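The values are calculated or read from the model by the stated rules, or taken from the named source; none is laboratory data. For clarity, every value in this text was computed on a predicted model and none was experimentally measured. For neighbour counting, all protein chains shown are included, and Cβ atoms are generated from backbone atoms with ideal geometry for every residue, glycine included.
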Ligand SMILES: CC(C)[C@H](C(=O)O)[C@@H](O)C(=O)O
Ligand code: SF4
């Protein structure tokens, strides 16, 4: 069985396989400031009671603090919904990006079925959970019934081996995007494994699963292991619950025949990867884009705003100053990452370097809040999407890279790995 089949089978108490259709109870449902109002509208057409006020999580992250009256009014609708239905889990005051908050606050656990009204909900597959993004009307149905249906996805196995200290989770996922292509995994699971994946910490594993949707993937998945359980412990999950999860651990034996296909690569001699405008699968080895002038650099987002990312960037930027032809925006993915970065002196390093620090949230990632680009400008971002106009201007260009490449490029003012 593939990991996707195994998780869904365990949950349903019977064996299900790729292409089967299943109706299933969800363990966690998430919406954010951008998608809650439409979800509420769809929900109210079918019910006046949520299925379970403890299994819903609502996060404000896309436009926080509100930048327009429209965004502020959408937040009023959401706050009213939270009060009316006594929703227990909500993070509304710049606590961070939903895909960071969910695991950080201990909401995500292996074997869960998680749905969210955001396409990057697939991030949580890094914990061995079946997690996927939905549109607001599907979420309205989930808020009312706690149920949804899936076609069990076929699986592309991605095996990554080798060792290379210059290669991060972001380089691995960009390479995967190049290999699989923008629609190569449509409605499929991307199941990551191999020694190089096993060696990654949870922040880096989340990067791999976060970008599954950029290949059309339904879910990104990584088998839970001791790294997963250590993370859960730090996120406040009780020892008792972790022991229970370990007892129920799903282990799969890799079996070629169960996969739609297998993609394999070795990172030992791989160079850093950069996605060029205007799609995350337009990936080149860094040597092909060295010297590209950059106007704005953004380190943050649900892909690469983790504490580990900020540590890597700060180590590179310490004692240096920003190139006068570029600007740098740094946004920790959550308030607790911001606090940790303050405690470790990372924020001092960024500020001294010449960076602008903004409140935890999505920031410039989708061009709807702050850090919008001007005509003809080029941005290098640690985010997951570089579609035309993604950062708020159809006449701008966005490149995607790891935090290390973003930091090095902020010193030089052009794309570099030195
Ligand atoms: C606004 C939201 C619905 C959207 C998504 O679903 O992914 C956003 O987070 C994005 O990254 O484009
Ligand atoms: S950080 Fe970007 S990709 Fe992630 S949820 Fe926010 S807008 Fe979407």
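Which one of 70, 54 is on the phi < 0 side of the Ramachandran plot, within 15 Å of ligand 1 (Cβ to nearest atom) and either under 22 Å from the mean Cα position of the chain (by Cα) or surrounded by fewer than 16 Cβ atoms within 10 Å (Cβ to Cβ) (or both)?
None of the others qualify; the one that does is 70.
Just to check your reading of the model, which residue among 356, 380 is within 16 Å of ligand 2 (Cβ to nearest atom), in contact with a strand residue (DSSP E or B) (Cβ under 9 Å, 6 or more places away or on another chain), at pLDDT 95 or above and farther than 19 Å from residue 120 by Cβ?
380
Inspect segment 307-323 for any residue being within 16 Å of ligand 2 (Cβ to nearest atom), within 22 Å of residue 160 (Cβ to Cβ) and at pLDDT 95 or above and give the result as yes or no.
yes
Of (1) over 17 Å from the mean Cα position of the chain (by Cα); (2) at negative phi; (3) part of a loop (DSSP other than H, G, I, E, B); (4) surrounded by fewer than 24 Cβ atoms within 10 Å (Cβ to Cβ), residue 107 satisfies all except one. Which?
The number of the failed condition is (1).
Specify the residue that is farthest from residue 334 (Cα to Cα); the eligible residues are those in segment 178-199 that are in contact with a strand residue (DSSP E or B) (Cβ under 6 Å, 6 or more places away or on another chain) and part of a helix (DSSP H, G or I).
The qualifying residue farthest from residue 334 (Cα to Cα) is 179.
Condition check: at pLDDT 95 or above, in contact with a helix residue (DSSP H, G or I) (Cβ under 8 Å, 6 or more places away or on another chain) and within 30 Å of residue 51 (Cα to Cα). Does residue 140 satisfy that?
In short, yes.
If you check residue 114 against the conditions, is it assigned to a helix (DSSP H, G or I) and either within 16 Å of ligand 2 (Cβ to nearest atom) or surrounded by fewer than 24 Cβ atoms within 10 Å (Cβ to Cβ) (or both)?
Working: assigned to a helix (DSSP H, G or I): no; either within 16 Å of ligand 2 (Cβ to nearest atom) or surrounded by fewer than 24 Cβ atoms within 10 Å (Cβ to Cβ) (or both): yes.
The answer is no for residue 114.
Looking only at segment 385-397, count every residue that is out of contact with any strand residue (DSSP E or B) (no Cβ under 7 Å at 6 or more places or on another chain) and within 15 Å of ligand 2 (Cβ to nearest atom) and tell me the total.
Initial filter on segment 385-397 (out of contact with any strand residue (DSSP E or B) (no Cβ under 7 Å at 6 or more places or on another chain)): 385, 387-389, 392-395.
Subset that is within 15 Å of ligand 2 (Cβ to nearest atom): 385, 387, 389, 392.
The number of residues fulfilling the criteria is 4.
Can you tell me which residues in segment 288-306 are within 16 Å of ligand 2 (Cβ to nearest atom) and farther than 14 Å from residue 354 by Cα?
Within segment 288-306, 300, 301, 302, 303, 304, 305, 306 qualify.
Let's see how each residue does on (1) without any contact (Cβ under 8 Å) to a residue 24 or more places away in the chain; (2) more than 15 Å from ligand 2 (Cβ to nearest atom):
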residue	(1), (2)
16	no, yes
28	no, yes
35	no, no
47	no, yes
72	yes, yes
82	no, yes
86	no, yes
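Please go through segment 287-303 and pick out each residue that is more than 16 Å from ligand 1 (Cβ to nearest atom), surrounded by 24 or more Cβ atoms within 10 Å (Cβ to Cβ) and on the phi > 0 side of the Ramachandran plot.
Selection gives nothing.
Do we find a residue being within 17 Å of the chain's Cα centre (by Cα), under 26 Å from residue 165 (Cβ atoms) and outside the structural domain of residue 214 (by TED's automatic domain parsing) anywhere in segment 347-358?
Step one: list which residues in segment 347-358 are within 17 Å of the chain's Cα centre (by Cα), which gives none.
The answer is no; no qualifying residue exists.
So which of 208, 245, 232 is touching a residue at least 40 places away in the same chain (Cβ under 8 Å) and within 16 Å of ligand 2 (Cβ to nearest atom)?
Result of the check over 208, 245, 232: 208.
All but one of (1) over 30 Å from residue 94 (Cβ atoms); (2) in the same structural domain as residue 373 (by TED's automatic domain parsing) hold for residue 255; which doesn't?
(2)
From 366, 400, grab the single residue that is in contact (Cβ under 8 Å) with a residue 12 or more places away in the chain, within 16 Å of ligand 2 (Cβ to nearest atom), in the same structural domain as residue 278 (by TED's automatic domain parsing) and under 24 Å from residue 32 (Cα atoms). Reasoning before the result, please.
Values: 400 fails: under 24 Å from residue 32 (Cα atoms).
Only one candidate qualifies: 366.
Among 173, 180, which is in the same structural domain as residue 113 (by TED's automatic domain parsing), over 21 Å from residue 302 (Cα atoms) and either modelled with pLDDT of 95 or more or touching a helix residue (DSSP H, G or I) at 6+ places or on another chain (Cβ under 8 Å) (or both)?
Within the list 173, 180, the selection yields 180.
Out of (1) surrounded by fewer than 16 Cβ atoms within 10 Å (Cβ to Cβ); (2) within 22 Å of residue 360 (Cα to Cα), what's the single condition that is false for residue 95?
(1)
Please go through segment 119-132 and pick out each residue that is within 14 Å of ligand 2 (Cβ to nearest atom) and either over 14 Å from the mean Cα position of the chain (by Cα) or surrounded by fewer than 24 Cβ atoms within 10 Å (Cβ to Cβ) (or both).
Correct list: 119 only.
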